[in-house]
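Undergrad: My questions will all concern the structure given below.
The values are calculated or read from the model by the stated rules, or taken from the named source; none is laboratory data. Source: prediction; values computed, not measured. All Cβ positions, even for glycine, are placed from backbone atoms using ideal geometry, and neighbour counts span all protein chains on display. Only protein heavy atoms, including side chains, enter the accessible area calculation; ligands, DNA and RNA are left aside. Shrake-Rupley method; radii C 1.70, N 1.55, O 1.52, S 1.80 Å.
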Amino acid sequence: MKLATLKNGTRDGRLVVVSRDLAQCVEVPEIARTLQAALDAWETTSPSLDAIAVELNAGRMPDATPFDPKAAMAPLPRAYQWADGSAYVNHVELVRKARGATMPPEFWTDPLMYQGASDHMLGACEDIEVADEAWGIDFEAEVAVVTGDVPMGTRAADAGRHIRLLMLVNDVSLRGLIAAELAKGFGFFQSKPASAFSPVAATPDELGGAWRDGKLHLPLISHLNGVLFGRPNAGVDMTFDFATLIDHAARTRQLEAGSIVGSGTVSNREDGGPGRAAAEGGVGYSCIAEQRTVETILTGKATTPFMRFGDRVRIEMFDAEGRSVFGAIDQTVRSTA
């Protein structure tokens, strides 16, 4: 089934079940008013929500209304946990190589993860608001899972059963602020503003054979100002699957229902090298920083600019039949001035 949260003037919105083709939706206040409420009682709410989805997909819900992604908030407008990994180590290796840093061997065996702000998540069509273009505005196209309650110490072999939903992420980064923050040795904060999420979240069974081995085996498509920027496959070159990321996150704490765990920037290697831009026939990249990194490696100079006010980024994923799975993240960069 597919679920979304529509605006209703409150912080947490109202839960709706969305049809497989993303055309129709239906409110379910008798089951759960919000997605968090549904996750808190998933064993009870999930079968009821799934029954609604079956009827909706069969066209047997007379009170269904058109689904408008612009009316959607993030599936979880605020979350108890937002932990973003860096599961595509190729991306980390490229960025470090561009600045002449060696790759510690443990990066291939122990996931990187940071704890992001989760008090306000952006809806898929909400603007990216930034005060200064000089901060290096970048998008990062990712996949994320939403968990149920995960006991502390849960191992990867058992972690998959705690995954409730999948969705897409634009983990907005301000590249010009990152270096100074990391130099303090205390992680990201100002350089990681609010992330945006796809209008719809889907249960793993909705993805069919594309969801296997704790990975989502579909291309993640990014467009910048209407031009294809990247189409790497999210199931390829993912060093740490989602079960492993959950294992890492839960090593010293329990995760509450509604915790979000991100994959990090989706990145593919090509022909054993750093890859090629989409404009050159390659699979491209899921963030501007990676394309700039490859430009630096190959030519000694980055030429692709970061985003400016008025730029538009679109992130989407399609199934084998060409249908949008989660709807599109479609955002424009705006000045707060």
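Undergrad: Only loop residues by DSSP count here, and only those with at most 15 other Cβ atoms within 10 Å; note down the trypsin sites (Lys or Arg not before Pro) in the range 49-141 that meet that.
TA: Of the trypsin sites (Lys or Arg not before Pro), the ones in loops of the range 49-141 whose Cβ has at most 15 other Cβ atoms within 10 Å are R60, R99.
Undergrad: Amide H of R253: which non-local residues (sequence gap of 5 or more, or other chain) have their own amide H closer than 5 Å, using H built in the peptide plane?
TA: Amide H neighbours of R253, under 5 Å, 5+ apart: G153.
Undergrad: Still on this structure, please answer the following. Tell me which trypsin sites (Lys or Arg not before Pro) from the range 126-226 have a DSSP coil assignment and no more than 10 other beta carbons within 10 Å of their own.
TA: Hits after loop and neighbour filter: K184.
Undergrad: Mind listing the long-range amide H neighbours of G284? Cut-off is under 5 Å, sequence gap 5 or more, other chains count too, H placed in the peptide plane at 1.01 Å from N.
TA: R231, R276, A278
Undergrad: Take the chain, mark every one of the GluC sites (Glu not before Pro) that falls in a DSSP loop and has at most 14 other Cβ within 10 Å, then report the longest stretch left between them, sites excluded.
TA: 31-320
Undergrad: Something else: Pairs of lysines 8 or more apart, or on different chains, with alpha carbons under 21 Å: count those in the chain, would you?
TA: Value for the chain: 5.
Undergrad: Then there's this: Determine the shape class of the range 190-253: with a ≥ b ≥ c the square roots of the Cα gyration tensor eigenvalues, call it rounded for a/c under 1.5, and otherwise prolate if a/b is greater than b/c, oblate otherwise.
TA: oblate
Undergrad: Is the C-alpha gyration tensor of the range 111-189 telling us rounded, prolate or oblate? Criteria: a/c under 1.5 is rounded; beyond that, a/b larger than b/c is prolate, otherwise oblate.
TA: Because a/c hits 1.5 or more and a/b fails to exceed b/c, the range 111-189 counts as oblate.
Undergrad: Within the range 260-337, list the trypsin sites (Lys or Arg not before Pro) lying in a DSSP loop whose Cβ has at most 15 other Cβ atoms in a 10 Å radius.
TA: K301, R308, R323
Undergrad: Right, next: Just by accessible area at a 1.4 angstrom probe, what is the order of T296, T109 from largest to smallest?
TA: Output order, biggest surface exposure first: T109, T296.
Undergrad: I need the fraction of alpha carbon pairs in the chain separated by more than 32 Å, rounded to a whole percent.
TA: Everything past 32 Å amounts to 25 percent.
Undergrad: On to the next question. How large is ³J(HN,Hα), in whole Hz, for each residue of the range 318-329 in order, when computed from phi with the Karplus curve 6.51 cos²θ - 1.76 cosθ + 1.60 and θ = phi - 60°, using x for Gly and Pro?
TA: Coupling constants for the range 318-329: 10, 7, 4, 8, x, 8, 5, 7, 10, x, 9, 7 Hz.
Undergrad: Ok, one more. Going through the DSSP H helices of the chain, which span 15 Å or more along their own axis at the Cα atoms while scoring at least 0.0 as a mean Kyte-Doolittle hydropathy?
TA: Helices meeting the span and hydropathy rule in the chain are 42-57, 288-299.
Undergrad: Per 0.36 nm of contour for each residue apart, how much would the distance between F318 and D205 grow if the chain were fully extended, relative to their Cα-Cα spacing?
TA: 39.1 nm
Undergrad: Continuing with this model, one more query. Report ³J(HN,Hα) in whole Hz for each residue of the range 121-130, in order, from the Karplus equation J = 6.51 cos²θ - 1.76 cosθ + 1.60 where θ = phi - 60°; Gly and Pro get x.
TA: 9, 7, x, 4, 10, 7, 5, 8, 9, 9
Undergrad: I'd like the Karplus ³J(HN,Hα) series for the range 273-278: coefficients 6.51, -1.76, 1.60, θ = phi - 60°, whole numbers in Hz, and an x wherever there's a Gly or Pro.
TA: Karplus-based 3J(HN,Hα) across the range 273-278 equals x, x, x, 10, 5, 4 Hz.
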